[in-house]
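For reference, the structure is listed below as structure tokens.
The numbers here are math on the coordinates, done by the rules we state, and not lab data. As the structure is a computational prediction, the values presented were derived from the model and not from experiment. FYI the Cβ positions are ideal-geometry reconstructions off the backbone, even for glycines, and counts take in every protein chain you see.
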Amino acid sequence: MSDHPAMIEGPPEGFNADDALAMDVALGALGREELRAAERRMRSDPAFRALVEGWQQTLSPLVDDVSAVAPPASVWEAIESEITPAARPVVAPAARSAWLTLGFWRGLAVGGVAGAALALAPVLLPGGPAAPPVLVATLAGTDGVPLVAATYDPARGSVIFAPATQRHDTGKSPELWVIEGKNPPRSLGVIDIGNPNAHLDARLKGLKPGSTLAISIEPLGGSPTGLPTGPVVATGTLSAV
Amino acid sequence: MSAAAELAALLARCGDGDRAAFAETYNRTSAKLFGVILRILPERGEAEDVLQEVYVTVWRKAAEFDAARASPITWLATIARNRAIDRFRSRSSRPSAPLDDAVDVRDETPLADQLIDTHRAASAVHAALATLEPRHAAAIRSTYFEGMTYEALAAREGIPVGTLKSWVRRGLMRMKAEMPA
């Protein structure tokens with residue numbers, strides 16, 4: 001919430017700047033940059049996000065007004081081929097590497113890989129005595145150079161990232177994955193590794209020590225397949241502080 | 001089970017990687033979302049591209065859907081509108097009909113599909129909109145359905161942006177006050 005919410009003229013309604021911005025976002029009345037800024041704020045400010053979601057919920061019955069128009073069958077075919085990994089090689093064969101094979105991921109999860117050695121990050125977060133333990137991992141490349149330190153706070157269901165090295169992947173999105181036991185990598189969402197930030201995502205619930213975190217570089221918006229498609233640039237194992 | 005509850009259950013299965021549930025979700029919802037996208041992007045090829053992006057996003061993000069925070073149709077419509085608006089914003093503006101026309105374009109043939117249990121909710125929204133001055137209600141509709149920015153709509157209507165914002169925001173507050181919680 002703003003420290004000093006600006007009142008918009010016109011009683012009796014009386015609402016503050018956050019209310020007004022939340023309406024604008026839900027309506028879709030903002031320009032691109034303003035909208036992006038508001039979306040960033042939604043990710044870091046749950047109260048604001050709740051305001052926007054409230055307005056989205058209020059307005060969504062309006063879509064009942066819109067006539068349904070059956071899309072051509074070609075749309076579904078395109079969607080199906082896009083979400084079926086085998087149907088469309090996302091990475092050219094030459095660019096494929098051991099990083100991309102399930103076997104590699106399993107090997108990583110089971111035995112660990114020399115280059116993916118982790119270092120404990122000396123980060124402490126506030127937490128009461130009953131709070132589940134905070135977990136940390138340093139995600140490093142195969143050369144051992146740390147890319148980012150990750151601190152997982154189970155109480156908040158968030159991961160705080162502190163970049164150690166800057167990467168510039170223009171037009172790409174870094175995506176966070178967890179490998180739990182022998183399971184294939186599971187996406188934990190698209191992340192920002194350019195600046196220190198807190199990553200909030202419902203899928204972060206219940207991460208356990210010993211699981212491997214990995215970051216791959218994906219097309220803008222994240223992997224189209226639900227599995228890593230681009231190069232894995234860093235990995236590390238979660239452990240208690 | 002209500003249509004909304006069924007859709008929420010389908011999305012939960014999509015989140016677990018169930019392709020059959022995803023196909024069923026598409027069958028139930030794609031015509032409505034295509035209609036929503038076409039209002040913002042009337043060019044069909046472009047609307048089809050966006051529809052494709054929307055469902056790929058739905059598949060990838062289904063695990064994030066939280067029935068406690070949003071109804072399934074709100075969640076789906078928000079993804080569709082955001083994608084369509086983003087595409088619309090990425091290019092220059094298109095011609096559009098002024099508000100006095102928009103007042104008349106309301107589609108009076110809703111409610112025919114199984115998609116949502118919003119009949120009552122939709123009636124409540126319409127009843128609330130009907131209490132507003134017609135130009136104010138039309139401004140809310142134009143921003144919501146056509147994806148217009150305040151600036152673009154104000155320019156089209158030849159009114160100051162501040163005036164338009166005031167119409168829309170005060171109209172929304174009044175709408176909300178009129179609607180059952």
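Taking amide H as placed 1.01 Å from N in the peptide plane, the amide H of A:SER211 sits under 5 Å from that of A:LEU238, each at least 5 places away or on another chain. Neighbour counts of C-beta atoms inside 10 Å place A:LEU220, A:LEU59 in the sequence A:LEU220, A:LEU59, starting with the fewest. The distance between label points at A:ALA162 and A:ALA50 comes to 3.0 nm (points 7 Å beyond Cα on the Cα→Cβ vector). Each of B:GLU6 and A:ARG43 was given a label point 7 Å from its Cα along the Cα-to-Cβ line. The distance between the two points is 3.6 nm. With the simple model of a label 7 Å out from the Cα in the direction of the Cβ, B:ASP16 to B:MET179 spans 3.2 nm. With contacts taken as Cα pairs under 8 Å and at least 6 residues apart, region B:6-69 reaches a relative contact order of 44 percent.
What FRET efficiency, computed as 1/(1 + (r/R0)^6) with R0 = 56 Å and r the Cβ-Cβ distance, is obtained for A:ALA73 and A:ALA155, rounded to the nearest 0.05? Intermediate results must be reported in sequence, preceding the final value.
Working: r = 48 Å, r/R0 = 0.85.
The value I calculate is 0.70.
Working note: Karplus 6.51/-1.76/1.60 with θ = phi - 60° gives region B:79-84 the couplings 4, 5, 5, 4, 5, 5 Hz, where Gly and Pro are set to x.
For the pair A:ARG32 and A:LEU200, the difference between a 0.36 nm per residue extended length and the Cα-Cα distance amounts to 58.2 nm.
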